[in-house]
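Quick one: structure below, then a few questions.
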Amino acid sequence: MTDFESLQREYVQLLIREGVNLQPGQRLVLSCPVEQAAFARLCAAEAYSAGCSEVIMNWSDDALARMKYLQAADSVFDECAPWRALLYNSTAEEGAAWLFIDCDDPELLHGVDPDRIRRSQIASGKALKTFRELETSNAFPWCVAAIPAPAWAKKVFPDLTEAEAMQRLWDEILKSARCDSGNAAARWRAHSDALQDHIRILNDYRFRTLRYRNALGTDLTVELPDGHFWAGGREKCTANGLLFSANIPTEEVYTLPKRDGVNGVVYASKPLSHNGNIIDGFRFTLKDGKIVDVHAERGEEILRNAIAVDEGAAYLGEVALVPCDSPISNSGILFFNTLFDENASCHFAFGEAYPCIEGAETMSRDELKAHGANQSITHVDFMVGTPDLSIVGITHDGREIEIFRNGNFAF
């Protein structure tokens, strides 16, 4: 076995043992493109080695997906196949683990009718509502990770040959997951523990408001709900208390904004790959939490459709802090993939909020909304961090505490 094969297998072990933290007797749903079947088999073998009762494959295919959006009957974009809803919702309800392998072409759906994309997202969002609610509340363990694919690798490294681009992207993925020099599981746990230092400080302050400013033009005030808390690194499954890592890699600490408490202008600092399209050079204006104005130099119609899939899509659901001086950011690579780009930059998400509110596990959806948590069938991260970003936290007694100075934590 080559050194690269050893590192790849260690990555697989990390995803199964630390990512979803698979338990004996538990089922695993493995969502993966058919082109990456060899990697899926490695994951399945490791899952069975961990005592998995059954690996259920949820295959995807970029070429067929694009073909469908271009050529299928128009009516199919207003429905979600019953078998798909049953797979997602029933396995989530039973507590099966979900591992999502991401390697999508960032421009897979370029040129596709944006209305078809919007309607399909609405149909899926409604049909998979149970799955999404259980996922965001950590009712089952889940993990999003990535492996290279040719179209993605060439988008990131256009000046390299396809083979060189694939290897370079593999190198960067393994590095970001702490799988580049052995002992990956221990290194990953140490990294997750280190994120807790900033979480403890932020939770001790119990900020009422955050104020964002930078030279791009961002001037935004974000109110936080009473009882909010910050999280990051390993998550706790609410069903059994076991820890899992929802994103590999991750560099963020995050909480939720108060649904109607965001005001000002925020500029994106990186392009966004969303629904197979690139959106770039965009900004939002928000009033009382709602996005009331949108501008994008590229992909504006896609972006407008994205915030219109339901009422909650036009409100923010996540506030995440990532220092500029972090491994993915320091790589200087634009990945055109949210899993990586969001972990190189402070970001927000519009749509569904992760319920980072004390006592959320016993609250109904209506109670969470009353506490300020936004609700939506979508959740889309977009990056706002810059090397000059300033974030000031304002406490309930009016003190102003510097959180970010020149793009990095001030403490």
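The values are calculated or read from the model by the stated rules, or taken from the named source; none is laboratory data. Note that the coordinates shown come from a computational prediction; the quantities given were computed from them, not determined experimentally. As a convention, Cβ positions derive from the backbone with ideal geometry for all residues, glycine included, and neighbour counts pool all protein chains shown. Ligands, DNA and RNA are stripped out before the accessible areas are found, and what is left, the full protein with its side chains, is counted by its heavy atoms. Shrake-Rupley method; radii C 1.70, N 1.55, O 1.52, S 1.80 Å.
Using beta carbons and a limit of 6 Å, which pairs, at least six apart or on different chains, have the first residue in segment 345-372 and more than 21 Å from residue 321 (Cβ to Cβ) and the second one of a type in the set (A, V, I, L, M, F, W, C)?
Pairs found: 371/357.
Let me ask another. If I go through segment 72-108 residue by residue, how many of them are farther than 30 Å from residue 17 by Cα and open to solvent by less than 10 Å² (accessible area, probe 1.4 Å)?
Final tally of qualifying residues: 1.
Follow-up question, since we're still on this one. Which residue, of 292, 266, is hydrophobic (A, V, I, L, M, F, W, C) and surrounded by fewer than 16 Cβ atoms within 10 Å (Cβ to Cβ)?
None of the other options fit; the residue is 292.
Something else about it: Those residues that are under 23 Å from the mean Cα position of the chain (by Cα), farther than 28 Å from residue 14 by Cα and crowded, with 18+ Cβ neighbours inside 10 Å, I need them from segment 180-216; list them, please.
202, 210, 212
Conditions tested, residue by residue: (1) more than 18 Å from residue 137 (Cα to Cα); (2) in contact with a Cys (Cβ under 8 Å, 6 or more places away or on another chain); (3) at pLDDT 95 or above.
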{"position": "195", "(1), (2), (3)": "yes, no, yes"}
{"position": "215", "(1), (2), (3)": "yes, no, yes"}
{"position": "222", "(1), (2), (3)": "yes, no, yes"}
{"position": "225", "(1), (2), (3)": "no, no, yes"}
{"position": "240", "(1), (2), (3)": "no, no, no"}
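While we're looking at this one, here's another question. Name the residue that is surrounded by the fewest Cβ atoms within 10 Å (Cβ to Cβ), counting only residues in segment 347-384 that are small (Gly, Ala, Ser) and within 16 Å of the chain's Cα centre (by Cα).
Across segment 347-384, the extreme among qualifying residues is 376.
Which of the following residues is at pLDDT 95 or above, closer than 28 Å to residue 276 by Cα, in a helix (DSSP H, G or I) and polar (S, T, N, Q): 36, 13?
36
For residue 18, are the conditions met, namely being in a loop (DSSP other than H, G, I, E, B) and either in contact with a Phe, Trp or Tyr (Cβ under 9 Å, 6 or more places away or on another chain) or of a type in the set (Ser, Thr, Tyr) (or both)?
Answer is no for this residue.
If you don't mind, there's one more thing I want to ask. Out of all the residues in segment 236-247, which are open to solvent by less than 40 Å² (accessible area, probe 1.4 Å) and touching a residue at least 24 places away in the same chain (Cβ under 8 Å)?
If the condition is that a residue be open to solvent by less than 40 Å² (accessible area, probe 1.4 Å) and touching a residue at least 24 places away in the same chain (Cβ under 8 Å), then 237, 244, 245, 246, 247 are the ones that fit.
On to the next question. Scan 90, 31, 120 and give me the residue that is in contact with a strand residue (DSSP E or B) (Cβ under 8 Å, 6 or more places away or on another chain) and of a type in the set (Ser, Thr, Tyr).
Of the residues listed, the single one that is in contact with a strand residue (DSSP E or B) (Cβ under 8 Å, 6 or more places away or on another chain) and of a type in the set (Ser, Thr, Tyr) is 31.
Say whether the condition of being free of Cβ contacts under 8 Å to residues at least 60 places away in the same chain and open to solvent by 70 Å² or more (accessible area, probe 1.4 Å) is met by at least one residue in segment 125-145.
Looking through segment 125-145, none of the residues is free of Cβ contacts under 8 Å to residues at least 60 places away in the same chain and open to solvent by 70 Å² or more (accessible area, probe 1.4 Å).
Quick one: is residue 281 part of a strand (DSSP E or B), on the phi > 0 side of the Ramachandran plot, modelled with pLDDT of 95 or more and in contact with a strand residue (DSSP E or B) (Cβ under 6 Å, 6 or more places away or on another chain)?
yes
What number of residues in segment 248-263 are surrounded by fewer than 21 Cβ atoms within 10 Å (Cβ to Cβ) and under 18 Å from residue 198 (Cα atoms)?
Residues that pass the stated criteria total 0.
Whether any residue in segment 295-302 is in contact with a His (Cβ under 9 Å, 6 or more places away or on another chain) and crowded, with 16+ Cβ neighbours inside 10 Å is what I want to check.
Checking segment 295-302: at least one residue is in contact with a His (Cβ under 9 Å, 6 or more places away or on another chain) and crowded, with 16+ Cβ neighbours inside 10 Å.
Check 335, 411 and return the single one that is at pLDDT below 95, in a loop (DSSP other than H, G, I, E, B), more than 25 Å from residue 120 (Cα to Cα) and of a type in the set (Phe, Trp, Tyr).
The match here is 411.
I need a count of the residues in segment 306-332 that are open to solvent by 30 Å² or more (accessible area, probe 1.4 Å), in a helix (DSSP H, G or I) and within 19 Å of residue 375 (Cβ to Cβ).
Final tally of qualifying residues: 1.
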